[in-house]
Structure formats: C-alpha cells, structure tokens
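Notes to accompany the following structure.
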Amino acid sequence: MEARLVSGEALELLTVKAKGSMKHFQLPKDVRRAWHELQAIVERDGVEWTERNIGYVLIPQWITEPQEELELRVGIRIGRGERTPDGTERLHIPARTYALLPCRGDREQMNHAYAWIDEWIAREGLKKDTGDGVFGMEPNRLIPVNPFDIPADTIDRFDYDIMIAVKE
C-alpha cells in the first residue's frame with residue numbers, strides 16, 4: 001500500500017444525510033438510499049454536477065469516539081452558482097491537505113486499508129484534523145460500476161480513495 005499527502009482543492013458539494021449503525025449493514029444501506037434520493041432530486045431539479053464519474057461519501061472527523069450510530073453525507077460536486085434544491089444541503093469543503101490511500105479490492109482489503117492509513121499518518125508525524133466541520137472523504141469512482149447500485153450486504157469490490165484531512 002502506498003499513501004501520500006495531497007493538496008485537496010476547495011469543493012462545493014450537494015449532499016443528503018445518511019445515518020445508521022454498522023449492524024446489519026444499516027449505515028451502508030442508508031448511504032445507498034441517500035445516493036438514490038440525491039440522484040432523484042438532481043434529475044427532478046435539473047442540477048448540473050461537475051464530476052459525473054465521482055460520488056462522495058463524507059465522514060465527520062470531529063467525532064473521535066466510537067459511536068453506535070453515525071451520520072455521514074453523500075454528495076456530488078456542483079458549481080458555486082448552482083442552487084440548493086429542497087431535501088439537500090450544500091457543503092463547502094475548503095482546500096486542505098489530505099492523507100490519500102487508494103482503496104481497491106474486497107471487504108477485507110478495505111478494512112485493512114483504513115487501519116493502515118491510520119498507522120501511516122502516525123508514522124509520518126501527522127495528526128488527523130478533528131476540528132469542527134472537518135470531513136474525511138471517500139470519492140467513489142462510478143465507472144465502470146456504480147458502487148451505490150450494488151446492495152450494501154453483497155458488494156465485495158471497492159474502488160475509491162480514502163482521504164483523511166490532516167494537520168502537518
């Protein structure tokens with residue numbers, strides 16, 4: 001595995017919340033529900049998104065203690081002038097530094113990647129940015145296969161980047 005530091009540019013995202021626990025794939029199932037809800041709103045309202053091959057999952061980094069239930073955001077990138085339709089929230093992600101690790105493989109490899117990047121951040125003398133409103137990101141590649149169209153309890157191939165906001 002090879003992680004690296006990257007300078008993430010500022011993003012404007014249109015998002016829908018997903019919430020649940022990891023028991024019985026509740027949260028991953030709700031991520032898919034949120035994605036399809038967002039897609040229906042985008043189609044209904046004619047929202048233009050700028051990266052049609054990427055779907056974002058945003059993880060709040062300010063929550064540092066294990067939680068029974070988590071709340072994530074699922075989003076698409078939009079232009080600054082795009083309106084915010086009912087049922088969605090606009091989220092501005094400022095430019096910042098991320099530890100990035102490609103995550104490609106099965107569920108076991110995905111779980112290993114999360115543990116590995118945490119160790120890498122510590123080895124590099126970096127710290128996760130746990131400030132209010134700081135999100136880690138999972139930009140999911142939607143091509144050749146949209147992972148949000150595969151049921152959460154059966155998906156076993158992942159193709160996205162793990163991006164953890166860090167302080168140097």
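Could you tell me whether the range 39-61 includes any residue that is of a type in the set (D, E), touching a Ser or Thr at 6+ places or on another chain (Cβ under 7 Å) and either in contact (Cβ under 8 Å) with a residue 12 or more places away in the chain or assigned to a strand (DSSP E or B) (or both)? Among the residues of the range 39-61, not one is of a type in the set (D, E), touching a Ser or Thr at 6+ places or on another chain (Cβ under 7 Å) and either in contact (Cβ under 8 Å) with a residue 12 or more places away in the chain or assigned to a strand (DSSP E or B) (or both), which makes the answer no. Scanning for something small (G, A, S), modelled with pLDDT of 95 or more, over 19 Å from I164 (Cα atoms) and surrounded by 11 or more Cβ atoms within 10 Å (Cβ to Cβ), does the range 22-40 turn up at least one residue? Yes, the conditions are met somewhere in the range 22-40. Checking each residue in the range 41-53 for being over 26 Å from E9 (Cβ atoms) and either touching a strand residue (DSSP E or B) at 6+ places or on another chain (Cβ under 8 Å) or surrounded by fewer than 11 Cβ atoms within 10 Å (Cβ to Cβ) (or both) picks out only E43. The set of residues in the range 151-168 that are open to solvent by 50 Å² or more (accessible area, probe 1.4 Å) and not acidic (D, E) comprises P151, T154, R157, K167. Limited to the range 54-85, what total is found for residues that are among the aliphatic types (A, V, I, L, M) and exposed (fewer than 12 other Cβ atoms within 10 Å of the Cβ)? Qualifying residue count for the region: 1. When you look at R73, is it at pLDDT 95 or above and closer than 21 Å to V166 by Cα, yes or no? Answer is yes for this residue. Residues in the range 116-168 that are within 25 Å of F25 (Cα to Cα), charged (D, E, K, R) and more than 17 Å from the chain's Cα centre (by Cα): 2 in all.
There is no residue in the range 86-101 that is open to solvent by 50 Å² or more (accessible area, probe 1.4 Å), of a type outside the set (D, E) and free of Cβ contacts under 8 Å to residues at least 60 places away in the same chain. Cβ separations smaller than 9 Å between residues 6+ apart or across chains give the following pairs from the range 9-26 residues that are under 13 Å from I78 (Cβ atoms) to residues that are β-branched (V, I, T) and exposed (fewer than 14 other Cβ atoms within 10 Å of the Cβ): E12/T50.
The values are calculated or read from the model by the stated rules, or taken from the named source; none is laboratory data. Worth saying up front: this structure is predicted, and the values here are computed from it rather than measured. When we count neighbours, we look across all protein chains shown, and the Cβ atoms used for this are built from the backbone with ideal geometry, even at glycine. Accessible surface areas use protein heavy atoms only, side chains included; no ligands, DNA or RNA. Shrake-Rupley method; radii C 1.70, N 1.55, O 1.52, S 1.80 Å.
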